[in-house]
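Right, one structure below, let's go through it.
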Amino acid sequence: MKKIKVNKNKYTVIMVVNIMVVIFIWYLLSDVFKVFRNGMLPGPVDIVKTFIYKLTNTAPGGNTLGGHIAASMIVVVTGYIIGVGVGLPVGILMAWYKPIDYLVRPVFDFLRCIPGLAWIPVITVWLGIDLKAKAMIIFISVFVGIVVNVYSGIKQTDEVKIWVAQIFGASRWEVLKRVALPSALPYIFTGLKVSLGMAWLGIIAAELLAAQSGLGYMIMVARNFGRADLVIVGMLTIGLIGAFLTWIIELIEKKFVKGRR
Amino acid sequence: MSKILEINNISKTFTNDDATNSKEVLTNVTFSVEENEMVVVFGPGQCGKTTLLNIIAGLEKPTTGDVKINCKEVTAPGPDRAVVFQNIMLFPWLTAYQNVEYSMKIRNFDKAERAKEAMKYLDLVGLNGFEQSYPVKLSGGMKQRVGIARAYCTKPDVMLMDEPFGALDAQTRYLMQDELLRISNTEKRTVVFITNNIEEALYVADRIIVMTDCPSTVMEEVIIDMPHPRERTDQKFLQLRKEISAMVNRRR
């Protein structure tokens, strides 16, 4: 037990050192050697300054950093929740009931090959550029990611484990509830994490093309103003929020997925 | 004694999907099992034994023939025929206790009764103190104990054991054979036990059904009337071992 703890601390040290090395190299390239001319690669200190400045100032882009984050988050969360909420049952039904599988899969296999981002033009034509439209783009990406993972998770359920439950007299529904779903749970969480990444990809792309606020929009405006520092602040913010949300999902995963090594 | 399980003329041929290839693994298998008897199905090689057990369990259908339990024909798996599988197949997301309790949960027993029964059988297989452990934390022998407790807990008429100790190391295997005898002495059950290990068969069996190699059929039934505990180096034990081995080898 003690040994594991020492190892964990060691990994934390490695992680911190790693991040510091990256920041230091960044500092060397930008502030010491100035590899890019006229401020196209601002150093870490400038980025922190811009970050703090942007927390309270709206220019450029018409919103504070918090405002942009909120605008993006509400779209991501809406699209994500609906995508998961629809994707989970669809994936489960497809994997568990053959007729539904045969009915849905040909269409699904075709649609899943169209990247979520390819929907942006047509959806902006149909629905405009408001929350509804962007949430729809997120929904499509998340839905596909969830269905694929839930489906394969349930499909890989060990046949003998299903037998065990059948021997105990479990009905088909109970086998699904008590065997197939628990054993698919690790796959489902992989799906949740992968689609979270897709959701962020979708929102940034959508905002770069068509939006009036949000992190993607902020990055685009900053680019037009030649504000490399603000572009990088936007990128780092996206990274941090993504990492934070993944961390939350992993916490939930630890609580729900039992008996793993 | 009454016949509890009857296997009548079972044959099984596997055919691949496009019917171009078929393999007969069982042919005209007939034997019966009496109540509280420990019957060992012993056969060399990899042919047919697990299929036979799956057919008795109702997990696979025979090509011809039928299986009767308490004079009723087997058509589907059910709790009257609990199976201890070769690779155990505990549910990794449940603790030892929850795995044992599982079958009662499915049949809607109330919580107090589930707890009482589960603890009783965990105790019987010698796992007190490990109730809350997940299978990853248990050794192979302990997992198989959970598997046995889980099967006992369903109160089956017949316990079907498919090479239950095949994956264990030699020492643990001996230990588990003793444990199996101790457990089935404490609470009598009818057991059909499959193995390809002649020593194991002789150590636990009341009767050995000797099978031929592919396609399998019953070659000989040998009643083992040696008292327990048996000594593996006993003269009679060695003699029987020699005879049955010769029987099997002759026919290969």
query = What order do you get for A:50, B:172, B:30 when you list them from fewest to most C-beta neighbours inside 10 Å?
reply = B:30, B:172, A:50
key: Mean separation of Cα contacts under 8 Å, 6 or more apart, over the residue count of chain B: relative contact order %   = 26
ask   = Projected onto the charge dipole of the range A:41-256 (+1 at Lys/Arg Cβ, -1 at Asp/Glu Cβ, origin at the Cα centre), which of A:68, A:156, A:122 gives the Cα projection farthest towards the positive end?
value = A:156
Set of aspartates and glutamates with alpha-carbon distance to residue B:68 below 13 Å, sequence-local pairs under 8 removed = B:6, B:34, B:80, B:157
request  = Any chance you could count the Lys pairs in the range A:41-256 whose alpha carbons are under 16 Å apart, treating pairs 8 or more apart or on different chains as valid?
outcome  = 5
query = What's the local net charge at residue A:31, with K and R +1, D and E -1, over the other residues with C-beta under 15 Å away?
reply = +1
request  = Kindly put B:159, A:40 in sequence by how many other C-beta atoms sit within 10 Å of each C-beta, fewest to most.
outcome  = A:40, B:159
request  = List every residue whose amide H lies under 5 Å from the amide H of residue B:38, counting only residues 5 or more places away in sequence or on a different chain, with H placed 1.01 Å from N in the peptide plane.
outcome  = B:191, B:206, B:207
Over 28 Å (Cα to Cα) - which of A:10/B:137; B:3/B:242; B:137/B:188 fall in this group = B:3/B:242; B:137/B:188
message = By the 4.7 Å beta carbon criterion, which cysteine residues of chain B come out unpaired?
response = B:71, B:153
task = Return the calculated 222 nm mean residue ellipticity for chain A, to the nearest 500 deg cm²/dmol, obtained by summing -39500 (n - 2.57) across DSSP H runs with n ≥ 4 and dividing by the residue count.
result = -26000 deg cm²/dmol
inquiry  = I need the shape label for chain A. Rule: rounded when a/c is under 1.5, else prolate if a/b > b/c, else oblate, with a, b, c from the alpha carbon gyration tensor.
reply    = oblate
task = Net charge near residue A:69: determine it from the other residues with C-beta under 14 Å of the C-beta of residue A:69, scoring Lys and Arg +1 and Asp and Glu -1.
result = 0
message = At a threshold of 8 angstrom on Cα-Cα distance, excluding pairs fewer than six apart, so keeping six or more, what relative contact order does the range A:133-223 reach in percent?
response = 38
note = the range A:65-122 and the range B:97-153 have their Cα centres apart by a whole-number Å value of 40
message = Just to be sure I understand: with springs between alpha-carbon atoms less than 10 Å apart, which residue in B:79, B:92, B:215 has the highest mean-square fluctuation in the Gaussian network model of chain B?
response = B:92
inquiry  = If you average the alpha carbon positions of the range A:218-261 and of the range B:2-57, how far apart do those two centres end up, in angstrom?
reply    = 58
ask   = Percent relative contact order of chain A, based on C-alpha pairs within less than 8 angstrom and at least six residues apart?
value = 23
inquiry  = Need one word for the range B:154-222: rounded, prolate or oblate. Basis is the Cα gyration tensor (sqrt eigenvalues a ≥ b ≥ c); a/c below 1.5 gives rounded, then a/b vs b/c decides.
reply    = oblate
remark   = Within 10 Å of the Cβ of an average residue in B:83-93, the count of other chain Cβ atoms is 5
inquiry  = What is the sum of charges, Lys and Arg at +1 and Asp and Glu at -1, for the other residues whose Cβ falls under 15 Å from the Cβ of residue A:154?
reply    = +3
query = Among B:176, B:226, B:211, which one shows the biggest mean-square fluctuation in a GNM of chain B, springs joining Cα atoms closer than 10 Å?
reply = B:226
ask   = Among all the aspartates and glutamates, which ones have a C-alpha under 19 Å from residue B:116's C-alpha, if same-chain residues fewer than 8 places away are not counted?
value = B:101, B:131, B:187
ask   = GNM on chain A, C-alpha springs below 10 Å: top fluctuator among A:213, A:141, A:152?
value = A:152
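The numbers here are math on the coordinates, done by the rules we state, and not lab data. Here the structure is a predicted model, which is why all the values come from computation and not from measurement. When we count neighbours, we look across all protein chains shown, and the Cβ atoms used for this are built from the backbone with ideal geometry, even at glycine.
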